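Here the structure comes first, spelled out in structure tokens, and everything after it is commentary.
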Amino acid sequence: MSREKVFVTRELASSALERLDGICELEVWDEFLPPDYDYILRRARGASGLLCLLTDTIDARLMDAAPGLKVISNMAVGYDNIDVAAATARGIPVGNTPGVLTETTADFAFALLMATARRIPEAQQYIRDHKWRTWHPTVLSGQDIFGATLGIVGFGRIGKAMAKRARGFDMKLLVNTSGPDESVLEAGAEPVTLDELLRRSDYVSLHVPLTDRTTHLIGARELSLMKASAILLNTARGGVVDGQALYRALSEGSILAAGLDVTDPEPISLDDPLLTLDNCLIVPHIASASVATRAKMAEMAADNVIAGLRGDPLPTCVNPQVYDKN
Ligand code: DGY
């Protein structure tokens, strides 16, 4: 009996591919850059499973071209690259990888906070530019972290993990969330509106998914509410921040600095003016990039594929409504 086909859109940790090998006929895209949309569509056409990344657009047209698709498994906790409503309408379960990347991502969000507050990338550049001639009382002075106020926008797993780290630095915590106030109070934080959070925080860290509601959640108006000494951190999705408004705020000094793990688009265009600013630290979407965490994400995505092929509920499914219909 021929085995079901699974298309994997990138080379993953071998521990994940080994789980799939033997269970299905596996095709893995092994180039560094992602396959283009048309290629994924063609490979999905005859496939029962698709294991994709956040770089891949999986929309209704692609699903219609792949009537045999039994599972779409994204190797990411975010899934804004997939039209989940279209998948649900077609009865296709969509999997993601929550939990395993929480601590690694929060570590990195806190690293961005510290690097921007204490101007670490600028300091390294200062030496490389041969400017270090003496110890100086004011050169490269940054902002204190200990005892400062951190505003957390979105209080899911990663927002909560960020709060845990901030408590170790005796930071005051403000949280804006659509979730219950109880979890905020339990974390020793104060629930506030977004505007109040922006006005009072020394650091604002974004931890919301990208949806219609959160697209450009932080725009010119929101940036104008922030303190001139405040720092914006984004490890969520680039589209949550209006990049042009952020450039104006940073270049005019209406906020002090930004640390961005994510941009819109990705990769950032090399002529994006944000890249010209010393007070904007930008890294290439690596918050979850530890060797161990990326392997766990890949394994979890593989397990979702295996469950989908077997017709079992996915261990981590973003549209469990697909199972209600049966
Ligand atoms: C995710 O899983 O959504 C992250 O952005 C990957 O780092």
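The values are calculated or read from the model by the stated rules, or taken from the named source; none is laboratory data. Predicted model, so just to flag it, every value in this text is computed and none were measured. Cβ: placed from backbone, ideal geometry, glycine included. Neighbour counts: every protein chain shown.
For this structure, a couple of remarks:
- Only one of the listed residues (Thr235, Thr214) is closer than 23 Å to Thr102 by Cα, touching a Lys or Arg at 6+ places or on another chain (Cβ under 9 Å) and polar (S, T, N, Q). That residue is Thr214.
- Some residue of the range 99-121 being away from the ligand (no atom under 14 Å from the Cβ), at pLDDT 95 or above, within 25 Å of Asp212 (Cα to Cα) and of a type in the set (Gly, Ala, Ser): no
- Ala301 being in contact with a Leu (Cβ under 7 Å, 6 or more places away or on another chain), within 16 Å of the ligand (Cβ to nearest atom), farther than 24 Å from Asp144 by Cβ and modelled with pLDDT of 95 or more: yes
- Enumeration of residues in the range 32-67 that are of a type in the set (Asp, Glu) and under 23 Å from the mean Cα position of the chain (by Cα): Asp36, Asp56, Asp59
- Near pairs, Cβ below 6 angstrom, 6+ apart or cross-chain, from the range 95-120 (over 30 Å from Pro315 (Cβ atoms) and touching a residue at least 60 places away in the same chain (Cβ under 8 Å)) to any residue that is away from the ligand (no atom under 12 Å from the Cβ) and aromatic (Phe, Trp, Tyr): Leu113/Tyr203
- Looking at the range 1-71, the strands (runs of 3 or more DSSP E) lying wholly inside it that each contain 1 or more residues that are in the same structural domain as Arg90 (by TED's automatic domain parsing) and acidic (Asp, Glu) sit at 25-28.
- Residues of the range 82-93 satisfying the condition of being crowded, with 17+ Cβ neighbours inside 10 Å and either part of a loop (DSSP other than H, G, I, E, B) or more than 13 Å from the ligand (Cβ to nearest atom) (or both): Asp83, Val84, Ala86, Ala87, Thr88, Ile92, Pro93
- A count restricted to the range 301-326 and to residues that are among the β-branched types (Val, Ile, Thr) and in a strand (DSSP E or B) stands at 0.
- Residue within the range 283-294 that is in a helix (DSSP H, G or I) and under 16 Å from the mean Cα position of the chain (by Cα) present: yes
- Filtered by the rule that a residue be part of a strand (DSSP E or B) and over 19 Å from Pro209 (Cα atoms), the range 260-282 gives Cys280, Leu281, Ile282.
Residues are listed down the side, and each one gets a yes or a no for (1) within 13 Å of the ligand (Cβ to nearest atom); (2) at pLDDT 95 or above; (3) surrounded by 21 or more Cβ atoms within 10 Å (Cβ to Cβ); (4) not assigned by TED's automatic domain parsing to the domain that holds Val77:
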site: Arg248; (1), (2), (3), (4): no, yes, no, yes
site: Gly253; (1), (2), (3), (4): no, yes, no, yes
site: Ala257; (1), (2), (3), (4): no, yes, yes, yes
site: Leu260; (1), (2), (3), (4): yes, yes, yes, yes
site: Thr263; (1), (2), (3), (4): yes, yes, yes, yes
site: Glu266; (1), (2), (3), (4): yes, yes, no, yes
site: Ser269; (1), (2), (3), (4): no, yes, no, yes
site: Asp272; (1), (2), (3), (4): no, yes, no, yes
site: Leu275; (1), (2), (3), (4): no, yes, no, yes
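- Unmet requirement for Asn234, which otherwise passes all of (1) surrounded by fewer than 20 Cβ atoms within 10 Å (Cβ to Cβ); (2) in contact with an Asp or Glu (Cβ under 9 Å, 6 or more places away or on another chain): (1)
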